[in-house]
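K.L.:
Got a structure here, written out as structure tokens. Questions coming.
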2 protein chains.
Amino acid sequence: MKNIRNILNSRFKRNGNFFMEIHKILGFKPKEVKFYKVAFTHRSMNLKDSKGNAINYERLEFLGDAMLSSVIASHLYLEVPSGDEGYLTKMRSKIVSREHLNELGKELKLINLVESKIPQGQFGDNIHGNLFEALIGAIFLDRGYKYCEKFIYTRVIIPYVDIETLEGKVISYKSLLIEWCQKEKKTFNYNVYDDTGNDQLRHFSVKLSINDKVISKARATSKKKAEEKASKRAFFALQNKISKPNSV
Amino acid sequence: MKNIRNILNSRFKRNGNFFMEIHKILGFKPKEVKFYKVAFTHRSMNLKDSKGNAINYERLEFLGDAMLSSVIASHLYLEVPSGDEGYLTKMRSKIVSREHLNELGKELKLINLVESKIPQGQFGDNIHGNLFEALIGAIFLDRGYKYCEKFIYTRVIIPYVDIETLEGKVISYKSLLIEWCQKEKKTFNYNVYDDTGNDQLRHFSVKLSINDKVISKARATSKKKAEEKASKRAFFALQNKISKPNSV
């Protein structure tokens, strides 16, 4: 244990900030930072413990994936009492899809914490989701199942798991929002601008105003995605006012 | 909640014994028997709650499968620090294979608790594993993750998860045992007899004696399986004395 901790401490460039940055992402204090350091150690660092076992986040992905699957399973089980086994399985795969995990990892900017010998630009897109899974694995080792559940609720279920969207009943939040504005005779404006900054990829930001008041903001790699994200946020902010076509 | 409980109470033939039987299988007291009743309600009972949702064990299979996968994942992660992601995934699928789950369900004789309109003989082999998964799902709902973990350790990991056997390093416990007896100049005897009883399928029992002392017993659907099972049990009973070919 000590051994791994020492190896990690000597290799982590950002030791000082790491605890704070992890704390911010988790929303609770880590007990044992070591687990999180493993979760952000890329295989290119080529670290090994005294027995020659590799130290990097790949095994934690396996663990985190399992925890994520079981937390989502229990959420869906309780949330959708009318859904049979096949339905629950399908919904879960939508939530834990590679694409979705990559988005979650990106939003948390996990890649900024990675210790690696490879430049960030050379990682594929999947690194975001892999880090997200590894982080969940680290939470499990550090604080147990309950904290995993808590983290997944805060970071995945509350902001992203909307059963009706997953079922495809809501096709586009933008069209829902526009429809509502027209019905309510409100003006709306999507103000989109280039916001690439230091990123490798081009990014766009959007400010969505309703009746000239900014109601939500979003940033994404395409104009369309940024608009949809901002619409979704506005939708949830206004959710008591706007009703979904299939809601009861 | 009350509604489901009443429906189940009115349909369960063995209400009186059910609590006791479940208690025996679990090794701890159930808090809310209702969940376990759902876990043993076959779809042929055609039960529905007041909202028209089906009450049977099929959704619980989904939940139990997820819990089983995550408990096994965390066990393997901690137990095999040298195993990479691919290895861990492969080992887990061996442990939670359909065949293995069916065996586990059979050993606990879960089928005897099922409420169904179909005679037992008409169920396929998979019902045993399905009930085992559903039971784990019920434990999760009743007592949470910790108790699931406890149950899976007692019923799956401790008796059945031997990493070297899973890796295929130990081909046959019988040959290992015979080899050891010969080396140690001990006599051994596999006493096999027909033990079908009231079962649908033919069953065999075996008593394994070493130096005329019965060391283990087992029962299975073939002579070979019963002998292997008894050998494995003897192996674990004698484990400090016999060493596996690949052990350190």
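K.L.:
Name every residue in segment A:34-57 that is under 19 Å from B:Ser74 (Cα atoms) and without any contact (Cβ under 8 Å) to a residue 24 or more places away in the chain, in order of residue number.
P.N.:
A:Asn53, A:Ala54, A:Asn56
K.L.:
So, in segment B:136-146, exactly how many residues are more than 9 Å from chain A (Cβ to nearest Cβ) and either acidic (Asp, Glu) or under 18 Å from B:Leu104 (Cα atoms) (or both)?
P.N.:
Of the residues in that region, 4 qualify.
K.L.:
Do the conditions hold for A:Lys31, that is, is it in a helix (DSSP H, G or I) and basic (Lys, Arg)?
P.N.:
Answer is no for this residue.
K.L.:
For segment B:71-94, give me each residue that is within 26 Å of B:His23 (Cβ to Cβ) and either open to solvent by less than 10 Å² (accessible area, probe 1.4 Å) or at the interface with chain A (Cβ under 7 Å from one of its Cβ atoms) (or both).
P.N.:
Those that are within 26 Å of B:His23 (Cβ to Cβ) and either open to solvent by less than 10 Å² (accessible area, probe 1.4 Å) or at the interface with chain A (Cβ under 7 Å from one of its Cβ atoms) (or both): B:Val71, B:Ile72.
K.L.:
Now a separate question. Give the residue that is surrounded by the fewest Cβ atoms within 10 Å (Cβ to Cβ), with candidates limited to residues of segment B:34-70 that are more than 7 Å from chain A (Cβ to nearest Cβ) and within 18 Å of the chain's Cα centre (by Cα).
P.N.:
B:Asp65
Rundown of residues vs (1) assigned by TED's automatic domain parsing to the domain that holds B:Phe151; (2) in contact with a Ser or Thr (Cβ under 8 Å, 6 or more places away or on another chain); (3) not acidic (Asp, Glu), yes/no style:
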position	(1), (2), (3)
B:Gly27	yes, yes, yes
B:Val38	yes, no, yes
B:Met45	yes, yes, yes
B:Asn53	yes, yes, yes
B:Asp65	yes, no, no
B:Gly86	yes, no, yes
B:Lys94	yes, no, yes
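K.L.:
Let me ask another. Sort out for me the helices (runs of 4 or more DSSP H) sitting completely within segment A:126-212 that have 2 or more residues that are touching a residue at least 40 places away in the same chain (Cβ under 8 Å) and open to solvent by 50 Å² or more (accessible area, probe 1.4 Å).
P.N.:
Counting at least 2 such residues, we get A:145-152.
K.L.:
Separate question: Name, by its number, the condition in (1) within 14 Å of the chain's Cα centre (by Cα); (2) modelled with pLDDT of 90 or more; (3) of a type in the set (A, V, I, L, M) that does not hold for A:Ala138.
P.N.:
With respect to (1) within 14 Å of the chain's Cα centre (by Cα); (2) modelled with pLDDT of 90 or more; (3) of a type in the set (A, V, I, L, M), A:Ala138 is out only on (1).
K.L.:
Can you tell me which residues in segment A:102-116 are acidic (Asp, Glu), closer than 20 Å to A:Asp65 by Cα and in contact (Cβ under 8 Å) with a residue 60 or more places away in the chain?
P.N.:
Matches in segment A:102-116: none.
The values are calculated or read from the model by the stated rules, or taken from the named source; none is laboratory data. As the structure is a computational prediction, the values presented were derived from the model and not from experiment. Methodologically, a virtual Cβ is constructed for each residue, glycine included, from the backbone with ideal geometry; neighbour enumeration extends over all protein chains shown. Accessible surface is based on the protein model in full, side chains and every heavy atom, while ligands, DNA and RNA are left aside. Shrake-Rupley method; radii C 1.70, N 1.55, O 1.52, S 1.80 Å.
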